[in-house]
Amino acid sequence: MAKNARKLRNQDINPCIDESDASQKCLDSCNYDKNMCTAYFQRYKNCRKYWHNVMLHRRREGVTPDMPTATERQEILSGLGGKPY
């Protein structure tokens with residue numbers, strides 16, 4: 001697997017792997033008709049937007065790493081009562 005592909009599949013780096021996989025699975029099952037998968041695409045975009053805002057906030061506050069680890073993200077999401085996107 002290429003270095004970039006491994007990076008995208010790393011839970012600590014990419015918080016939206018589940019949404020990405022769901023989008024890809026939808027495309028596969030719908031014969032790549034993008035109109036059938038718009039809800040999945042929107043959920044992925046909302047996920048990326050949410051975690052990007054978290055990353056910017058942490059960067060402004062001086063918290064490292066900028067992106068919370070997978071375990072920290074689970075704690076954040078459970079504190080919110082689930083995924084806000």
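The values are calculated or read from the model by the stated rules, or taken from the named source; none is laboratory data. Computed from a prediction, not measured in an experiment: that's the story for all the values here. When we count neighbours, we look across all protein chains shown, and the Cβ atoms used for this are built from the backbone with ideal geometry, even at glycine. Surface areas here come from the heavy atoms of the whole protein model, side chains and all, with no ligands, DNA or RNA. Shrake-Rupley method; radii C 1.70, N 1.55, O 1.52, S 1.80 Å.
Report whether or not M1 is over 12 Å from the mean Cα position of the chain (by Cα), of a type in the set (A, V, I, L, M) and modelled with pLDDT of 95 or more.
When the stated conditions are applied, M1 does not pass them.
Quick one: would you say S29 is over 21 Å from T64 (Cα atoms) and within 13 Å of the chain's Cα centre (by Cα)?
On the way: over 21 Å from T64 (Cα atoms): yes; within 13 Å of the chain's Cα centre (by Cα): no.
Judged against the criteria, S29 is not a match.
Which one is nearest to L77 (Cα to Cα), of the residues in the range 1-24 that are open to solvent by 90 Å² or more (accessible area, probe 1.4 Å) and part of a loop (DSSP other than H, G, I, E, B)?
So the residue we want is Q11.
How about the range 30-60: which of its residues are surrounded by 13 or more Cβ atoms within 10 Å (Cβ to Cβ), in contact (Cβ under 8 Å) with a residue 12 or more places away in the chain and over 16 Å from Q74 (Cα atoms)?
Answer for the range 30-60, where residues must be surrounded by 13 or more Cβ atoms within 10 Å (Cβ to Cβ), in contact (Cβ under 8 Å) with a residue 12 or more places away in the chain and over 16 Å from Q74 (Cα atoms): C37, Y40, F41, R43, Y44, N46.
Which number in (1) open to solvent by less than 50 Å² (accessible area, probe 1.4 Å); (2) part of a helix (DSSP H, G or I); (3) within 16 Å of L77 (Cβ to Cβ) marks the one condition that L27 misses?
Checking L27 against (1) open to solvent by less than 50 Å² (accessible area, probe 1.4 Å); (2) part of a helix (DSSP H, G or I); (3) within 16 Å of L77 (Cβ to Cβ), the one that fails is (3).
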